[in-house]
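Encoded as structure tokens, the structure appears first; notes follow it.
The values are calculated or read from the model by the stated rules, or taken from the named source; none is laboratory data. Not measured: the values here are computed from a predicted model. Every residue, glycine among them, receives a Cβ derived from its backbone with ideal geometry; neighbour counts consider all protein chains shown.
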Amino acid sequence: MVVILGVLLTAPMVYGKIMSHHVIRAEHLISKLGHVQIIDASWHMPSMNRNGFAEFCEERIPGAAFFDLDECCDKTSPMPHMMPSMSQFEAYMGGIGIVSEKPIVVYDSVSCALSL
């Protein structure tokens, strides 16, 4: 199960539809710490002069793992960020400590742009 933590001021939208049923409030997440796996999926375009991993190291939700979009991809493709094979994905997720038995909360630092 994947639950997405979004910005509470605006509900994220996908294809013009509000996805509020996929958003949880910070208070609810706090009550679930230790019972869910948390992933920070922050990634920024190079022109933004921001580094998602550096920001993760400075500040994150307690217990969060960092999902590196540049690493979890099909490295055999000449194109960046192509979807990895299932075995590559499973190996990457296991490597950052994510297991399939517990719910996952995914968040990012740019209004849920990447966590959706």
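One line per residue, one yes/no per condition, for (1) out of contact with any Phe, Trp or Tyr (no Cβ under 7 Å at 6 or more places or on another chain); (2) modelled with pLDDT under 95; (3) part of a loop (DSSP other than H, G, I, E, B); (4) not basic (Lys, Arg):
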site: 55; (1), (2), (3), (4): yes, yes, no, yes
site: 60; (1), (2), (3), (4): yes, yes, yes, no
site: 63; (1), (2), (3), (4): yes, yes, yes, yes
site: 69; (1), (2), (3), (4): no, yes, yes, yes
site: 77; (1), (2), (3), (4): yes, yes, yes, yes
site: 82; (1), (2), (3), (4): yes, yes, yes, yes
site: 87; (1), (2), (3), (4): yes, yes, no, yes
site: 90; (1), (2), (3), (4): yes, yes, no, yes
Residue pairs meeting the criteria (Cβ under 6 Å; at least 6 apart or on separate chains; first crowded, with 16+ Cβ neighbours inside 10 Å, in region 92-108; second of a type outside the set (Phe, Trp, Tyr) and in a loop (DSSP other than H, G, I, E, B)): 92/72; 106/41; 106/115; 107/115; 108/41; 108/42; 108/114; 108/115
Qualifying positions in region 92-109 - at pLDDT 90 or above and more than 13 Å from the chain's Cα centre (by Cα): 92, 94, 95, 97, 99
